[in-house]
Structures are given as C-alpha cells and as structure tokens.
Amino acid sequence: MPEIYISTDVETDGPIPGPHSMLSLGSAAYQADKTLVSTFEVNLETLPDATGHPDTMAWWQKHPKAWKDCRTDPQPPDQAMQRYVDWLGQLPGKPVFVAYPAGFDFLFVYWYLMRFVGRSPFSHSALDMKSFAMALMGTDFRDSTKRNMPGRWFDRLPHTHRALDDAIEQGALFCNMLAERPEGVSR
C-alpha cells in the first residue's frame with residue numbers, strides 16, 4: 001500500500017495538551033505527486049478543567065477572525081477524533097503524519113487520539129518538514145526556516161491560521177520539497 005502524506009495543522013489555546021485544549025484540527029491528504037486526495041476539518045470543544053494559556057490567549061486576541069473560525073460549531077473531542085480515525089481509514093494509502101513543526105502538531109493529535117480513541121493510525125511517528133528541509137538544503141536545523149527555503153517550494157496558498165488552510169498550504173510545500181529529493185533516493 002503506498003504512503004499518503006497527511007499534512008496536519010492544529011490550533012490550540014496553549015502549548016501542551018491536557019492543561020490546554022486543541023481547538024481545531026485540519027488535515028490534507030496528499031499523494032507524493034501533490035495530488036490533494038481529501039481533506040478533514042473539525043473544531044473541538046475544550047477539555048474539561050483545561051484553560052487557555054495567557055500567552056496563547058493574547059495571541060488569539062490579535063487574530064479575531066481565526067479565533068472565530070476555530071470556535072464555530074465545536075464537536076466533543078471523542079466524536080471528533082473518531083471521525084478523524086474513520087477518515088484516515090478510508091484514504092487510499094498508509095497515512096504518514098506531516099507537519100511544520102511536527103513536534104507541536106503531532107503532540108496534540110497523538111495525545112487526543114490516544115485519550116479519545118485509544119490508538120493512533122500514525123503509530124507514534126511523524127515527519128517533520130523542518131528536519132526534511134534541513135536535509136535537502138544542507139543547513140543547520142536552526143537555519144532551516146521557511147524564510148530560508150527556496151521560493152520555488154512555495155505555492156501561492158493562504159496561511160490564515162485556520163487549521164485546514166494551513167494544512168493545505170504546508171502539504172503543497174512538503175510535496176514540492178519531496179519532488180526535489182536527490183537522485184538515487186527511493187521514490
């Protein structure tokens with residue numbers, strides 16, 4: 001079964017799950033050739049006993065449209081995450097979690113999957129785009145930022161802080177990076 005790349009973005013009200021909540025989850029399923037196969041988007045109810053982190057909530061105050069988008073029609077986390085697993089299961093390939101940065105987005109998605117579904121279709125692995133860029137560009141990790149990446153890797157797609165918009169944008173970026181793997185690397 002071929003791999004399918006699940007570009008994922010989350011919006012949260014704090015830096016870690018548990019004390020803070022995942023507010024929105026967006027994923028875009030891409031084939032390696034940049035074919036967008038399917039998308040998933042859901043807003044989640046906040047966790048009981050969780051609170052917004054002051055720094056994160058101050059950031060949200062500067063982005064009222066994005067806040068409104070991620071607070072529209074929130075679903076209970078158990079239902080939202082089961083719908084996500086069901087969506088992943090119907091995709092035509094083995095799902096590979098992809099994010100920028102994977103360390104943040106995967107932390108929330110994995111925690112929510114384990115807490116509310118009891119399993120992760122991604123196992124416990126995630127592909128970090130920043131690390132992949134480091135390898136492709138031959139730079140140090142701290143220098144493998146979007147502002148240092150070649151312009152040809154970027155499609156003209158919006159970055160709105162709406163989880164699905166950002167997942168689509170970053171998925172296209174990943175596929176453009178994937179197309180530039182050096183010769184001799186398995187495709």
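Against the conditions (1) open to solvent by less than 70 Å² (accessible area, probe 1.4 Å); (2) charged (D, E, K, R); (3) modelled with pLDDT under 95, Glu183 satisfies every one except (1). Residues of the range 140-153 that are out of contact with any Lys or Arg (no Cβ under 8 Å at 6 or more places or on another chain), assigned to a loop (DSSP other than H, G, I, E, B) and either under 30 Å from Pro64 (Cβ atoms) or at pLDDT below 95 (or both): Met149, Pro150. If you go through the range 118-167 and keep only what is open to solvent by less than 40 Å² (accessible area, probe 1.4 Å), of a type in the set (A, V, I, L, M, F, W, C) and closer than 20 Å to Trp87 by Cα, you end up with Phe122, Ala163, Leu164, Ala167.
Give the residue, chosen from Asp69, Asp73, that is open to solvent by 50 Å² or more (accessible area, probe 1.4 Å) and either in contact (Cβ under 8 Å) with a residue 24 or more places away in the chain or assigned to a loop (DSSP other than H, G, I, E, B) (or both).
Numbers: Asp69 fails: open to solvent by 50 Å² or more (accessible area, probe 1.4 Å).
Selected residue: Asp73, the only one of Asp69, Asp73 that is open to solvent by 50 Å² or more (accessible area, probe 1.4 Å) and either in contact (Cβ under 8 Å) with a residue 24 or more places away in the chain or assigned to a loop (DSSP other than H, G, I, E, B) (or both).
In the range 103-116, the residues that are farther than 13 Å from His20 by Cα reach residues that are part of a helix (DSSP H, G or I) and open to solvent by less than 70 Å² (accessible area, probe 1.4 Å) with C-beta atoms within less than 6 angstrom, at least six apart or across chains, in these pairs: Leu113/Met81; Phe116/Pro77; Phe116/Met81.
All of Thr35, Thr46 fail the test of being over 18 Å from Asp69 (Cβ atoms) and polar (S, T, N, Q), apart from Thr35.
Collect the residues in the range 33-65 that are closer than 18 Å to Ser7 by Cβ and open to solvent by less than 50 Å² (accessible area, probe 1.4 Å), keeping them in residue-number order.
So the first thing to find is which residues in the range 33-65 are closer than 18 Å to Ser7 by Cβ, and the list is 33-42.
Scanning the range 33-65 gives Ser38, Phe40, Val42.
Within this structure, Ser21 fails the test of being open to solvent by less than 70 Å² (accessible area, probe 1.4 Å) and under 17 Å from Val98 (Cβ atoms). Is the range 80-96 home to any residue that is within 22 Å of Met1 (Cβ to Cβ), acidic (Asp, Glu) and either part of a helix (DSSP H, G or I) or open to solvent by 60 Å² or more (accessible area, probe 1.4 Å) (or both)? Within the range 80-96, one or more residues are within 22 Å of Met1 (Cβ to Cβ), acidic (Asp, Glu) and either part of a helix (DSSP H, G or I) or open to solvent by 60 Å² or more (accessible area, probe 1.4 Å) (or both).
The values are calculated or read from the model by the stated rules, or taken from the named source; none is laboratory data. Computed from a prediction, not measured in an experiment: that's the story for all the values here. Here the Cβ is made from the backbone with ideal geometry for all residues, glycine too, and neighbour counts use every protein chain on show. We work out accessible area using only protein heavy atoms, side chains counted, and drop any ligands, DNA or RNA first. Shrake-Rupley method; radii C 1.70, N 1.55, O 1.52, S 1.80 Å.
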